[in-house]
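Chemist: Dumping the structure here so I can ask a few things about it.
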Amino acid sequence: MAASPVVSGPGTSQLEPVKTVQLKFEAFNRHDAAAIETLYASDAILRSPDYPELVGNSKIADTYRWIFDAIPDAKDSIVSIDSTENRVYVQFVLSGHMKDPGHKPISVRIMSVYTIKDHRVVSDSTYYDRKAS
């Protein structure tokens, strides 16, 4: 079932970008790539150390599917979340265990900047140390 990122009512316009991002994190923690796909615009751009410029919500969802396969117990824990207008800034920790014979535990501090338009992520710039674990 896909998540609906729409928030409505008086005084919610400033909360809408944060709510959209919160829904993305909830979908991540459920390992729901289909819901993540609906939260990103069809022409969304994801930039990260591993993906200099990944374009399109289906490609972005496929990346999350790969993460869920590689880290079966992957979980994001938000440390802080802040916003200005249509930008949301999130510090979080990705934790879990790699799907390898040793089940190596990982814990990576990550910073993401999301740009939201019409209740969808249109840009996701994510920063982390690729050597961290």
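The values are calculated or read from the model by the stated rules, or taken from the named source; none is laboratory data. In this text the structure is predicted, and so the values were computed from the model without any measurement. Note that each Cβ is placed from the backbone with ideal geometry, even for glycine, and that neighbours are counted across all protein chains shown. The accessibility values were calculated without ligands, DNA or RNA, using every heavy atom of the protein model including side chains. Shrake-Rupley method; radii C 1.70, N 1.55, O 1.52, S 1.80 Å.
Chemist: Once you wrap a convex hull around the alpha carbon atoms of the range 10-86, what is its projected area averaged over all directions, in nm²? Mind showing how you got there, number by number?
Modeler: Values: hull surface 23.7 nm².
One quarter of the hull surface, i.e. the mean projection, equals 5.9 nm².
Chemist: Moving to a separate point now. Can you tell me the accessible area per residue over the chain, all protein chains present, probe 1.4 angstrom, in square angstrom? Intermediate results must be reported in sequence, preceding the final value.
Modeler: Values: 7450 Å² over 133 residues.
Each residue of the chain exposes 56 Å² on average to a 1.4 Å probe.
Chemist: Also: Relative to the longest principal axis of the C-alpha atoms of the chain, give the angle of the C-alpha long axis of helix 57-70, reported between 0 and 90° and rounded to the nearest 10°.
Modeler: 30
Chemist: Is it possible to state the helix-based mean residue ellipticity at 222 nm for the chain, with each DSSP H run of 4+ residues giving -39500 (n - 2.57), the sum divided by total residues, to the nearest 500 deg cm²/dmol? What is it?
Modeler: Values: 3 runs with 36 residues, N = 133.
Computed mean residue ellipticity for the chain: -8500 deg cm²/dmol.
Chemist: Relative contact order for the range 17-131: what percent, with Cα pairs under 8 Å and sequence separation of 6 or more? Display every interim value, and only then the final one.
Modeler: Numbers: 237 pairs, mean separation 32.2, N = 115.
Worked out over the range 17-131, it gives 28 percent.
Chemist: Roll a 1.4 angstrom probe over the protein heavy atoms and tell me the percent of accessible area of the chain that is carbon or sulfur.
Modeler: Numbers: 3930 of 7450 Å².
Carbon plus sulfur share of accessible area: 53 percent.
Chemist: Moving to a separate point now. Counting Lys and Arg as +1 and Asp and Glu as -1, what is the net charge of the other residues whose Cβ lies under 13 Å from the Cβ of Ala41?
Modeler: Working: positive: Lys24, Lys59, Lys117, Arg120; negative: Glu37, Asp43, Asp118, Asp124.
Once all neighbours under 13 Å are counted, the net charge is 0.
Chemist: Which residues make up the longest stretch of the chain clear of trypsin sites (Lys or Arg not before Pro) that lie in a DSSP loop with no more than 10 other Cβ atoms within 10 Å, not counting the sites?
Modeler: In the chain, the maximal stretch lacking such sites is 1-129.
Chemist: If I fit a long axis through the Cα atoms of helix 16-30 and take the longest principal axis of the Cα atoms of the chain, what angle between them do I get, 0 to 90°, rounded to 10?
Modeler: For 16-30 against the chain, the angle is about 30 degrees.
Chemist: How much net charge surrounds Pro17 when only the other residues with a Cβ under 14 Å from the Cβ of Pro17 are counted, with Lys and Arg +1 and Asp and Glu -1? Working shown, then result.
Modeler: Numbers: positive: Lys19, Lys24, Arg87, Lys117, Arg120; negative: Glu16, Asp82, Glu85, Asp118, Asp124.
For residues surrounding Pro17, the net value is 0.
Chemist: To continue, here is another question. Go through Lys75/Lys104; Lys75/Lys117; Lys19/Lys99 and tell me which ones have a Cα-Cα distance over 24 Å in this structure. Please list the in-between numbers first.
Modeler: Working: Lys75/Lys104 15 Å; Lys75/Lys117 26 Å; Lys19/Lys99 31 Å.
Going by Cα-Cα distance, Lys75/Lys117; Lys19/Lys99 fall outside the 24 Å limit.
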